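The values are calculated or read from the model by the stated rules, or taken from the named source; none is laboratory data. Only a predicted model underlies this, so the values are computations on that prediction, with no experimental measurement involved. Heads up, the Cβs are rebuilt from the backbone with ideal geometry, glycines too, and the neighbour counts pull from every protein chain shown.
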Amino acid sequence: FRRSMSAIVLDTERGPIRMRLLLDVAPVTCQFISTLVRDCLYDGCCFYRADFVIQAGLTLPNGQKRNQPYGRLTVNESKASNKRGSVAIAHWDCVEGCGTGCVQHAPDCGGSEWFINLKDNPHLDTTWGGYCVFAEVDWRDQASQQTITAIEQAKKEKGQDTRIWTAKME
């Protein structure tokens, strides 16, 4: 994992989103997600949820899930707050356990799904052990802000998912 790669840039059908990794706050989570990005596993997937967050992961536009070979996270680095613009790992349904003996939605069961907080969501800092914030969108970046708004509106107003063309490390 190279520290020089400190951001993930998504090229979506509605525009770009730049997410700065919080390497000092969530190093294990950053490395895990960066591996998925470098292996192009998010390319062609989509944002499929929009309410108080917009959520993406390995869900394809047809609703099927893409497999990933790396399993799940085994540590929950929930130190930073789920504030507007923060990017957090979603919890997987770990009914069968994920190497740590966890149960469904247990704290240490993050996987390849993640979300961008559309507003401050302090309840996510403690719910189910907290949702680990591993990156943040710079809200001063007009292009990222416009893309996030377009993704939210497309889902809420038209029921449309937003395809991620590519995800790259920068």
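Annotation note: of 26, 50, 56, 7, the sole residue that is in contact (Cβ under 8 Å) with a residue 40 or more places away in the chain, small (Gly, Ala, Ser) and farther than 25 Å from residue 149 by Cα is 26. Beta carbons closer than 8 Å, at least 6 apart along the sequence or on distinct chains, pair a first residue in region 130-149 that is in a loop (DSSP other than H, G, I, E, B) with a second that is of a type in the set (Val, Ile, Thr) for 131/89; 132/29; 132/89.
Filtering region 152-164 to residues that are exposed (fewer than 13 other Cβ atoms within 10 Å of the Cβ) and in contact (Cβ under 8 Å) with a residue 24 or more places away in the chain leaves only 156. Note on region 80-110: residues that are under 27 Å from residue 151 (Cβ atoms), in a loop (DSSP other than H, G, I, E, B) and either of a type outside the set (Gly, Ala, Ser) or modelled with pLDDT under 85 (or both) amount to 7. How many residues are among the hydrophobic types (A, V, I, L, M, F, W, C) and more than 23 Å from residue 49 (Cα to Cα) if we restrict to region 59-84? Residues flagged as among the hydrophobic types (A, V, I, L, M, F, W, C) and more than 23 Å from residue 49 (Cα to Cα) within region 59-84 amount to 1. Within region 111-167, the set of residues being out of contact with any Lys or Arg (no Cβ under 7 Å at 6 or more places or on another chain), at pLDDT 95 or above and hydroxyl-bearing (Ser, Thr, Tyr) comprises 149, 166. Being in contact with a strand residue (DSSP E or B) (Cβ under 9 Å, 6 or more places away or on another chain) and over 19 Å from residue 77 (Cβ atoms) is the filter here; which residues of region 129-145 pass it? Selection gives 138, 141, 143, 144, 145. Within region 27-85, the residues that satisfy the criterion of being surrounded by 18 or more Cβ atoms within 10 Å (Cβ to Cβ), among the polar types (S, T, N, Q) and either over 15 Å from the mean Cα position of the chain (by Cα) or over 25 Å from residue 157 (Cβ atoms) (or both) are 29, 34, 76, 78. Take the residues in region 24-43 that are assigned to a loop (DSSP other than H, G, I, E, B) and not acidic (Asp, Glu), then tell me which one is farthest from residue 91 (Cα to Cα). The qualifying residue farthest from residue 91 (Cα to Cα) is 40. Within region 129-151, if we keep just the residues that are surrounded by fewer than 19 Cβ atoms within 10 Å (Cβ to Cβ) and among the charged types (D, E, K, R), the residue that is farthest from residue 34 (Cα to Cα) turns out to be 140. If you go through region 1-26 and pick out every residue that is closer than 17 Å to residue 170 by Cα, among the hydrophobic types (A, V, I, L, M, F, W, C) and crowded, with 20+ Cβ neighbours inside 10 Å, you end up with 6.
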